[in-house]
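A quick write-up on the structure given underneath.
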Amino acid sequence: MLIINKIKRIFIRHFMELRWQGVAIALLSYVGLSYFFLYLSGETDLLSLPDFAYWLVVTASTVGYGDFSPQTSGGKVAVSIFIIPFGLSLFALFVGRVAVFASYHWKKGVKGLKQLDCDNHILVIGWNERRTLHLIRLLLREQLGSEETRPVVLCAKADIENPMPEEIGFVRVESYNNDEQMSMACLERASTIIIDAPEDDVTMTAALYCSSRNKDAHMIAYFNDDNLSRLLKVHCPNIECTPSVDVELLAKSAMHPGSSALHQDLLNVQDGMTQYSIKYPAEANSVPLRDLFLPLKERYDAILIAVGDGKGAVTLNPPMSHTVAPGTTIYYIADERIDGLDWEKLCV
C-alpha cells in the first residue's frame with residue numbers, strides 16, 4: 001500500500017506540470033486502460049455505451065450512485081487499484097485546471113489585459129477616479145429604459161483594476177496611441193468615444209489619435225483649457241469639445257441665484273427633469289417646430305429646447321417657425337426618456 005501511495009504522489013506531482021495536451025492524452029489513456037482492464041476481467045454490463053462513460057465518471061468522481069458496479073473479482077480489483085485512485089486524481093486535476101483557467105482569464109479581464117469583443121460601444125478614455133466613476137454610472141443610468149443599450153468600455157493608463165467588473169469592459173494601456181493596446185478596446189468599432197484624461201495635452205493627443213483611427217464615431221473631449229479645445233476644433237471640426245464650466249457656473253449663480261442647482265438638476269439622471277435627445281425619423285415629412293412643441297408638452301410633458309442638424313450644429317430655443325427636417329436631432333427636457341414615440345400621431 002505504501003508503494004502504491006508513493007507511486008500515486010509521484011504521478012500527481014509530475015502530472016500537475018503537464019500541459020493541456022498532456023492532460024488530454026492522460027485522460028484518453030485512463031479511459032482506454034480502464035476499458036481494457038474491465039474487458040480482461042470479464043465484465044460485460046459495464047462495457048456498453050453510454051453506461052461505461054456514465055459509470056466511469058460517477059466512479060472517478062467518487063459519487064458512486066451504486067446502480068452499476070463490477071461483478072467479477074478481477075473487475076473489483078481493477079476498480080480498487082487503478083480506476084478509483086487514478087480516476088480521482090485525474091478528476092480533481094481536471095476540475096482544478098478548469099477552475100485555474102477560468103480564474104486566470106477573469107483576473108486578466110479585471111486587470112485590463114484581455115482582448116475585448118465589443119461593437120457599437122461607448123469608449124471612455126482616461127481615468128480621473130471619482131469623476132470617471134460618476135461619468136460611467138451616468139452613462140449606464142442614461143441607457144436604462146432605452147431601446148438600444150450599448151456596452152461601456154473604460155480605457156486607462158492608471159495602475160488600476162476594473163472598477164466595475166460586472167458592468168463594464170476595461171483595458172489598461174501604456175499610452176493612448178499604442179496601436180495594439182488600443183485595438184484591445186475595439187477602438188475602430190466604438191460608436192461614441194469620450195476622452196477625459198487628467199492632463200489636457202494627453203487629451204489632445206488621444207483625441208487626434210482616435211480621430212485618425214475612427215472617423216465615424218461621435219467623439220467628445222473634455223478640456224480645462226478652452227484654448228486647447230479651440231485648437232483641436234481647427235484640426236478635428238467634428239469632435240465635440242466640452243470645456244470646464246465651473247467658473248461660468250459660479251458667475252451665473254452670483255448674478256442669477258439658483259442657476260447652479262438648475263444646471264445640476266438638468267444633468268442629474270437619478271431623478272427630476274433631465275435633458276434627453278431623440279431623432280426625428282428620416283422617412284418623415286418636414287414640419288414646423290410648432291407642430292412638435294405643443295404636442296410634446298401636452299402628451300409627454302416634455303419641453304423641446306433645441307434642435308441639431310446632425311453635423312454638430314445645435315440651435316437653442318429655435319423659433320416656432322423653424323423647419324424640422326428629417327433626421328434632425330431634437331433635444332428636450334422630461335422626467336423620463338420618451339420611448340416608442342408615434343410621430344404620425346404626434347404631428348396630427
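Here the stretch 63-141 and the stretch 172-195 have alpha carbon centers that stand 28 Å from each other.
Per-peptide packing, taken as the mean over residues of other Cβ atoms within 10 Å, places 93-99, 324-330 in the sequence 324-330, 93-99 from highest down.
For the listed peptides 121-131, 209-219, a ranking on the average number of other beta carbons within 10 Å per residue, highest first, reads 121-131, 209-219. Couplings for the stretch 33-42, taken from phi via the Karplus curve 6.51 cos²θ - 1.76 cosθ + 1.60 with θ = phi - 60°, read 5, 4, 4, 5, 5, 5, 5, 5, 7, x Hz in order; Gly and Pro are left as x.
Taking the Cβ-Cβ separation of Glu161 and Ser321 as r and a Förster radius of 51 Å, what is the calculated FRET efficiency to the nearest 0.05? Computed FRET efficiency for Glu161 and Ser321 comes out at 0.40. Here's the list of aspartates and glutamates a cross-link from Lys345 could span, going by alpha-carbon distance under 18 Å and ignoring same-chain residues fewer than 8 apart: Glu283, Asp291, Glu298, Asp301. 3J(HN,Hα) along the stretch 84-101, derived from phi through the Karplus expression 6.51 cos²θ - 1.76 cosθ + 1.60 where θ = phi - 60°, amounts to 6, x, 6, x, 5, 4, 5, 4, 5, 5, 5, 5, x, 4, 4, 5, 5, 4 Hz, with x in place of Gly and Pro.
No lab work stands behind these numbers, since they all come straight from the coordinates. On a predicted model such as this, the values are computed, not experimentally measured, just so you know. Because the Cβ atoms are built from the backbone with ideal geometry, glycine has one as well, and the counts that use them run over all protein chains shown.
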